[in-house]
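In what follows, a single structure is set out as structure tokens and then discussed.
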Amino acid sequence: MCDLLKDCVLEVAGEKFAFAEIEIYTSADKNTYKRVSSAGDIFFHNFGFDICFESSEEDYGGILVRSLWPLGQAQPIVGPCRCANAILNIRKPNLSFCLLDAKGSQEAHEFSNRVRRADLDESGKQIDDRRRLTSREFESWLESDKKEAEKYKKAINKYKDEAENEKSTPNQAN
């Protein structure tokens with residue numbers, strides 16, 4: 001996961017995107033879509049898109065792309081659905097997907113809990129599931145006073161607060 005964020009860019013029909021925010025989901029999670037896929041396949045679903053692990057009917061999963069940074073642009077595309085829409089709205093006749101080697105193109109920040117409704121233990125405490133990774137550039141952007149950054153942080157915090165109040169099962173925001 002760290003290598004994907006630090007050393008790869010996603011190229012879609014000639015347009016390049018750095019990974020800014022990614023999360024791992026597997027068949028152990030209640031809301032992961034079942035799929036049979038090869039490692040590296042792109043899998044679109046209701047919440048965005050994943051880069052798949054080698055998957056079978058029983059053992060499946062992938063990396064949810066939560067935010068992308070279009071190379072050469074000042075702001076990221078935030079939220080899994082917005083990322084999927086940005087990719088699907090590229091106006092080219094054939095959307096070809098490719099992971100390109102971009103060794104050391106950016107630094108990883110740190111692993112943190114995923115943006116989702118939390119799994120809770122028997123006592124009602126959130127289970128630590130540090131399977132979210134962001135780039136340092138993305139974290140700097142989140143800490144900025146830019147309107148979109150503030151809006152994204154507010155949406156994530158609202159989602160997490162509502163989930164804690166509901167004591168609900170996992171789901172994905174945006």
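Only the coordinates and a few stated rules stand behind these numbers; no lab work does. If you're wondering where the values come from, they're calculated on a predicted model, not measured in any experiment. Methodologically, a virtual Cβ is constructed for each residue, glycine included, from the backbone with ideal geometry; neighbour enumeration extends over all protein chains shown.
What length, rounded to one decimal in nm, is gained on full extension from Cys98 through to Ser144, with 0.36 nm per residue of separation minus their alpha-carbon distance? Spell out each step's value before the answer.
On the way: separation 46, 0.36 × 46 = 16.56 nm, distance 3.10 nm.
Between Cys98 and Ser144, full extension yields 13.5 nm more.
For segment 1-63, with only Lys/Arg (+1) and Asp/Glu (-1) charged at the beta-carbon, what is the dipole magnitude about the Cα centre, in debye rounded to 20?
Working: 5 positive and 13 negative charges, 31 e Å.
Computed charge dipole of segment 1-63: roughly 140 debye.
Starting from the 7 Å offset along Cα-to-Cβ, what nm value, one decimal, do you get for the label separation of Phe44 and Arg136?
Result for the modelled spin labels: 3.5 nm.
Here is the link list: Lys103/Lys153; Lys6/Lys153; Lys30/Lys125; Lys103/Lys146. Which ones come out longer than 26 Å on Cα distance? Mind showing how you got there, number by number?
Values: Lys103/Lys153 29 Å; Lys6/Lys153 23 Å; Lys30/Lys125 18 Å; Lys103/Lys146 29 Å.
In this structure, Lys103/Lys153; Lys103/Lys146 lie more than 26 Å apart at Cα.
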